[in-house]
1. Could you tell me whether the range 74-87 includes any residue that is within 30 Å of Ile176 (Cα to Cα), modelled with pLDDT of 95 or more and touching a helix residue (DSSP H, G or I) at 6+ places or on another chain (Cβ under 7 Å)?
2. Would you mind telling me which numbered condition in (1) closer than 19 Å to Gln140 by Cβ; (2) out of contact with any Leu (no Cβ under 8 Å at 6 or more places or on another chain); (3) crowded, with 18+ Cβ neighbours inside 10 Å; (4) of a type in the set (A, V, I, L, M) Ala210 fails?
3. Would it be correct to say that Thr150 is assigned by TED's automatic domain parsing to the domain that holds Asp220, in contact with a strand residue (DSSP E or B) (Cβ under 8 Å, 6 or more places away or on another chain) and among the polar types (S, T, N, Q)?
4. For residues in the range 62-80 being under 16 Å from Ile3 (Cα atoms) and in contact (Cβ under 8 Å) with a residue 60 or more places away in the chain, which is surrounded by the fewest Cβ atoms within 10 Å (Cβ to Cβ)?
5. Would you pick out the residues in the range 108-148 that are among the basic types (Lys, Arg) and surrounded by fewer than 19 Cβ atoms within 10 Å (Cβ to Cβ)?
6. Any chance the range 153-167 includes a residue that's within 23 Å of Asp220 (Cα to Cα) and small (Gly, Ala, Ser)?
Amino acid sequence: MKIICSKNNLLNGANTVSKAVPSKTTMSILECILIEASNGQIKLTANDMELGIETIIDGDIINEGIIALDAKIFLEMVRKLPDNDVTIETDSSYKATITCEKAKFNIIGKSGEDFSYLPKIEKSESISVSQFTLKEIIRQTIFSIADNFTNKILTGELFEINGDILKVVSSDGLRISLRKVQLKNSYPERKVIVPGKTLNEISKILSGDADKDVNIFFTDKHILFEFDNTTVVSRLIEGEYLKIDNILSADYETKININKREFQNCIDRSTLLIKEGDKKPIILNILDGVMELKMNSVVGSLDEEIDITKSGKDLMIGFDPKFLIDALKVIDDEEIEIKLLNPKAPCFIKDDEENYIYLILPVTFNMAA
């Protein structure tokens, strides 16, 4: 094999697919990036058997061929090359010679025939959303997935399609994040659970261009994302997601409207009083026209007031400040609406159309603490 391409194209391609290289594996071939030059295309692929990424880069093919190179070494080599055209040449013993200007590397690769290719996905059922929309949906929900495997289902996000509505839900058991978007077309009803790792990696690759679409294909066991010259295939998480509709239609007895930035900044200030590893609630005392915020810790205390518009009952309730900040920082509205029932029931932060809903469970607190 012999190919020539710009360092920039090669580095972008290697960076893209390297997100599917496993950090730990007993199969050394999975630690590699596959470089395949055939049919007029230079294709880079990585696959950890759960997530696979393939991208096509521009370049010239002098001789067709295929080789698997250690991803970490290859990526660092390309990163440190001069900003010019790079030539990759391989021989029958899988030795790769990488040259750029006066720099020349020789590394031993592996047979590309041993590489685990991405599963073939039948492209029948699909939806289409803009890169901007998908990137935003992930940003606004990914923070509340579970980060452990005690309940694997909660390490993923529910993608639910109903007609022309896509609903995406995440939860770690203590909070729920929901985003709802209208699609350009109507599609058959479908529910799948997409691993959080897959969505995290896709969000890093997406350009976020509102004029470029992502085509998403579904099978019973896999989901496939196609955008630009890149294909991402992931296994789905099997099982049934939380039944959230009843939870999200809860009653409320207190409703407030508040400036989002002021509220977020105040909670952010309160976290200065929390030592790492400590869990201290921020206490909200909701009164007519004003919300009092209090934080007490071994470091000190904070008392602050924010103007609000309130309807319903007065209420005092405590929350994990991190959970509130996580939700507030992904909401773009200037003013938000919060609905509450009692000190032991979750609060709801939502817009009028319910395009976003954030449910957060309260925590118990001791005013003397």
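The values are calculated or read from the model by the stated rules, or taken from the named source; none is laboratory data. Please read these numbers as outputs of a predicted model, since none were measured by experiment. Because the Cβ atoms are built from the backbone with ideal geometry, glycine has one as well, and the counts that use them run over all protein chains shown.
1. Checking the range 74-87: not a single residue is within 30 Å of Ile176 (Cα to Cα), modelled with pLDDT of 95 or more and touching a helix residue (DSSP H, G or I) at 6+ places or on another chain (Cβ under 7 Å).
2. It fails just one condition, (3).
3. So Thr150 fails the test.
4. The selected residue is Asn63.
5. Scanning the range 108-148 gives Lys110, Lys120, Lys123, Arg139.
6. Scanning the range 153-167, I find at least one residue that is within 23 Å of Asp220 (Cα to Cα) and small (Gly, Ala, Ser), so the answer is yes.
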